[in-house]
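Notes for the one structure printed next.
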Amino acid sequence: MSRSTGLNGIGTRPLLLMFVIFCGTFSSAVEAADDAATGCVVWDNLVQARKTADATAKAWHHVVIPPELEQKIERLLLEAMLNNPGMNMKTAYESVRNQLDAKEQLQIAPWFVAREARDAADAALKNASDEYTRASNEKDKALNEAQKAFEAEQAWLQSEKAAIQSMPRDGAYLDRVSRITQRLKSAYEKMKVDLDKHKGCFSDVRSFLDDKDERLKRIAILDAEIARRRGLAGDNSGSTDTGDSNQAGTNTDGQAGNPANPGANPADATIQPNAATWSCAGPTVKVIRDTEKLLTSSDASGASWRVTSQDGQRVGDAKISITSPPKAKLTVGQAVSLTMTATAQPPAWANGMWTPGDFGGGQVFDGDGLYIDTPGGRMIATWHRQFIGHDPKMAPCFMRATIGRNIGNAVFDPEVQITWTYTLDGQK
């Protein structure tokens, strides 16, 4: 039967639909929910509840009953609702049944079965939607607290960097840097624990934790370098870097010094007889991110990008060039000086950093200024150390240049990585 017309020329189920109009609200909630990973319980429950609600609504609409009986049910439901404000649907349905004769009750039985199934599905959908909203609010609170804690740690880190700026590069200096890394590690690990239960459901939590994982990796590299210097220099070594990717300037003297002779220029390093040599077949270039399609070029020599201001009135170009790249062959103990140079015209800006892996020294972010956004070239990141590659079985030996725009929380966009990977000569 057709259900396009009914009482007073209105659709035959306007009153009945009033009881389930809230379903549209929950549908929107599902559509607007975070694009969570599969396996998120509250999300999966919400999706399944929406499917069930849709299926039961469809089944209800397909139940065929005589038009005059449907109109009678609507009239009786309206009377029950007006005479008993706040009456629940189960009681209202029972009231209607009691006013139907045996034949009508038989005819209407499939309708009631489908209707009650839909009501149950709608209630389950409301519960699932409420549960997802609760989880989302819980996540927002935890993430906001973690972000505040992170910002506090960054402020403390800046004050510590200022404090150690003039310290001699000796054992006391390494002790202070070790205390810095231990505190940062503890803070980042606590953030991971506090947010762990939310990461499966919410992408913003996963992004936050991915950043902390990267910071912890860089701190681990620094800790290993500190330990190596203590072993080689008897607790009396050159400067190092905190390894925290959004910061700059801890490597205040621009050079590591000879671990056996604190303060010596790496350029004066003496390569030991029969020292191992390592070779690089050539750099690999990878565009990690370019969501706004800003890149205009990217290759082993660097990258460039163009930025337009939000009002569309200004256009600026930025470029970072690898002006002194790693050499194709290196010998353990050999002095290595790497530089990248940037130019930028506002509203564009440029950031860059060198990140070593079992290579020597620590990470160097782009100088005390953090970034360049003024016309003219400037050397923004100089890595000046001794090559230490020593055990290819323990970790890959590489040097990586990361260049682009730091848009916050150690996220570059665009981001280009140029990586020189070395293998020990004579080994495959």
* the stretch 284-310 and the stretch 89-165: distance between their alpha carbon centers, rounded to Å -> 42 Å
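Taking the convex hull of the alpha carbon atoms in the stretch 120-205, what volume per residue do you get, in Å³? List each step's numbers first, then the result.
Values: hull volume 6.9 nm³, N = 86.
Dividing the Cα hull volume of the stretch 120-205 by its residues yields 80 Å³.
Around Ala149, with a cut-off of 10 angstrom between Cβ atoms, what is the net charge of the other residues, counting Lys and Arg +1 and Asp and Glu -1?
Details: positive: Lys148, Lys190; negative: Glu145, Glu151, Glu153, Asp194.
Net charge in that neighbourhood comes out at -2.
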* Structure fact -> Going through Lys148/Lys212; Lys293/Lys327; Lys192/Lys293; Lys185/Lys286; Lys51/Lys141; Lys72/Lys103 one by one, the pairs whose alpha carbons sit over 25 Å apart turn out to be Lys293/Lys327; Lys192/Lys293; Lys185/Lys286; Lys51/Lys141
* Normalised by the residues of the stretch 307-357, what does the relative contact order come to in percent, with Cα pairs under 8 Å and at least six apart? -> 43 percent
* Asked: Stretched out fully, how many nm does the piece from Asn144 to Leu106 gain, at 0.36 nm a residue minus the Cα gap?
  -> 7.9 nm
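All of the numbers you see were taken from the coordinates with simple rules; none came from a lab. All values derive from a computational prediction rather than experimental measurement. FYI the Cβ positions are ideal-geometry reconstructions off the backbone, even for glycines, and counts take in every protein chain you see.
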